[in-house]
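As structure tokens, the structure follows; a few thoughts come after it.
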Amino acid sequence: MTKEEIKKIVDNFLVEELEIEEKKIVDEALLKDDLGIDSLDFVDVVVIVERYFGFKIKPEEMTNVATLIQFYEYIESKQNAS
Amino acid sequence: MKKRVVITGLGIWSCIGTNIEEVTHSLYNGKSGIGIDPLRTEYGYRSPLTGIVPRPELKGILDRRLRIGMAEEGEYAYMATVEALKNAEIDLEYLEKNEMGIFYGNDSSAKPVIEAHEVMRIKKDTSLLGSGAIFQSMNSTVTMNLSTIFKLKGVNMTISAACASGSHAIGLGYLFIQNGMQDLVLCGGAQETNLYSMASFDALSAFSMRIDEPDKSSRPFDAHRDGLVPSGGAASLILEEYEHAKKRGAPILAEIIGYGVSSNGANISQPSDAGSIIAIERAMKDANISSKDIHYINAHATSTPQGDAYEAIAIDKLFGNSKTPISSTKSMTGHECWMAGASEILYAILMMQNSFIAPNINFETPDEYSAKLNIVAKREDKNIEIFLSNSFGFGGTNSVLIMKKI
């Protein structure tokens, strides 16, 4: 899966499933402070990522993931690893 | 001194209509809301008969966080409550600044439990259940969601008492206001209608098999009844202290004047005439009235041979001399179970407001017990000043409410 394909899937579920305003979805957006993804939302992000990308997010791997672009990169690294 | 308790708002989401106007029309015209769900047969049910309740679409109305913990019955209850609050002239701004409590009847939330189990069976990982499953699965799902959405700050709890849940919820709201503990309480009952919710009830062979004629399948008190039809939705009522309602300039629709309870202390599924009589007598004592003062009885009668017979015996003992008009609105709605005790109060208030008695449709041939009662088979245009509503549930829980025109 290319970077662009990952970005497209992630952006789509942020809008369609987490109902985040499209205009807020920019690479540098902070997941928590800008996109409003709180701890309960994150439980749903784990489910959605598993559904679209086939792996389970491990919270300890997310400690350095603060922005959306870092989140794309994290998914890409997991995809490449598999 | 005890305070007076009135109803200032009504809201409904049911198989005979999804607002007060539609439901009034259905009650007046004896319209059935029962149909066939073919998926039930495929799933393994004995009977595919059910009340056909539309699913509300809340996307775009409520944001995701407020929706995600709501099971189907919570969605029904939300829609009913929006209507009830509007009719009571209460908005969110008022609720931010004033205290309202909630007692809502609910006794299951099967679908989210079963769906969560399916995920666990396949994935074997709780972290893939999502954040909403816990809030949807608990019996108190309706009250936890409504209290969050509507910013309720008073008493907050779910009443689980089988098919009397909704009635007890109103009864408890009445007691809290009567004793000065609350001025405003949202009361009601909700019942899920999904495939998973009624399978274990179908297992008892308690459901009608009159599959070729769904609108004739629920026939309380009729000699040819062959079982109940499961149904659901939600009914919301705004209970308010009388002076508080007057001060607010709220529309006052009816007054609650009596609540009587009892437990049969006997069989888990069989009703009891003796237990029913105790609850009815207690409600009349609380209301300080006698049987001749009651103009209409909304019977619990679900269309099961045994349950209807026991209720008929009880009613005949107490109301035989006054020949009080009786109907079971379950003939049109089916058995709305956890919701029924609340919805049937709402149905009877609509009759009282519009001066008619809704028909007990499909009552064609009396049996030896119902022959002694004054069952209204065709709508009667008639003034109702006081009515009584019976609700009985598994485990022998009995709840009786009496309401008065105001």
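Where a number appears in this text, it was derived from the coordinates with a stated rule and is not lab data. Predicted model, so just to flag it, every value in this text is computed and none were measured. Here the Cβ positions follow ideal geometry from the backbone for every residue, glycine too, while neighbour counts run over all protein chains shown.
General observations
- Residue with peak Gaussian network fluctuation, chain B [Cα springs, cutoff 10 Å], from B:I238, B:I16, B:I268: B:I268
- Electrostatic dipole magnitude of the protein assembly as shown [Cβ: Lys, Arg +1; Asp, Glu -1; Cα centre; debye, to 20]: 1360
- Mean residue ellipticity, 222 nm, helices only, the protein assembly as shown: the sum of -39500 (n - 2.57) across DSSP H runs of n ≥ 4, divided by residue count and rounded to 500, is -11500 deg cm²/dmol.
- Sites matching GluC sites (Glu not before Pro) across chain A that sit in DSSP coil, with at most 11 neighbouring C-beta atoms within 10 Å: A:E21, A:E28
- Table column - 3J(HN,Hα) (Hz), region B:217-232, Karplus curve with 6.51, -1.76, 1.60, x for Gly and Pro: 6, 8, 9, x, 6, 6, 4, 9, 5, 9, x, 8, 10, x, 7, x
- Relative contact order, percent, chain B [alpha-carbon distance under 8 Å, six or more residues apart]: 24
- Counted by neighbouring Cβ atoms within 10 Å, the residues B:L172, B:L228, B:L186 run from fewest to most as B:L172, B:L228, B:L186.
- Trypsin sites (Lys or Arg not before Pro) restricted to DSSP loop in region B:1-42 with at most 11 other C-beta within 10 Å: B:K2
- Sorting B:210-222, B:315-327, B:108-120, B:57-69 by their mean Cβ neighbour count within 10 Å, with the most densely packed peptide first, gives B:210-222, B:315-327, B:108-120, B:57-69.
- Distance between the modelled labels on B:E96 and B:I36, one decimal in nanometres: 5.2 nm (7 Å Cα→Cβ projection).
- Peptides B:83-91, B:331-339 ordered by average Cβ neighbours within 10 Å, highest first: B:331-339, B:83-91
- GluC sites (Glu not before Pro) restricted to DSSP loop in region B:347-387 with at most 14 other C-beta within 10 Å: B:E364, B:E368, B:E385
- In order along region B:74-81, the phi-based Karplus estimate (6.51 cos²θ - 1.76 cosθ + 1.60, θ = phi - 60°) of 3J(HN,Hα) comes to x, 5, 4, 5, 4, 4, 5, 6 Hz; Gly and Pro are listed as x.
- In Hz, Karplus ³J(HN,Hα) per residue of region B:110-123 (6.51, -1.76, 1.60; θ = phi - 60°; x = Gly, Pro): 5, 4, x, 5, 5, 5, 5, 4, 4, 4, 5, 4, 8, 8
- Region A:3-81: relative contact order in percent, alpha carbon pairs under 8 Å with at least 6 residues between: 38
- The Cβ shell under 14 Å around B:T41 holds other residues with a net charge of -2, Lys and Arg each +1, Asp and Glu each -1.
- Nonlocal amide H pairs with B:F356, under 5 Å, H built at 1.01 Å: B:K382
- Look at the dipole of chain B built from charges on Cβ: of B:W338, B:Q178, B:V376, the Cα furthest out on the positive end belongs to B:Q178.
- Exercise: per-residue mean of other protein chain Cβ atoms within 10 Å, B:65-71: 2
- Label sites at B:L58 and B:K405, each approximated as a point 7 angstrom past Cα along Cα to Cβ, lie 3.7 nm apart.
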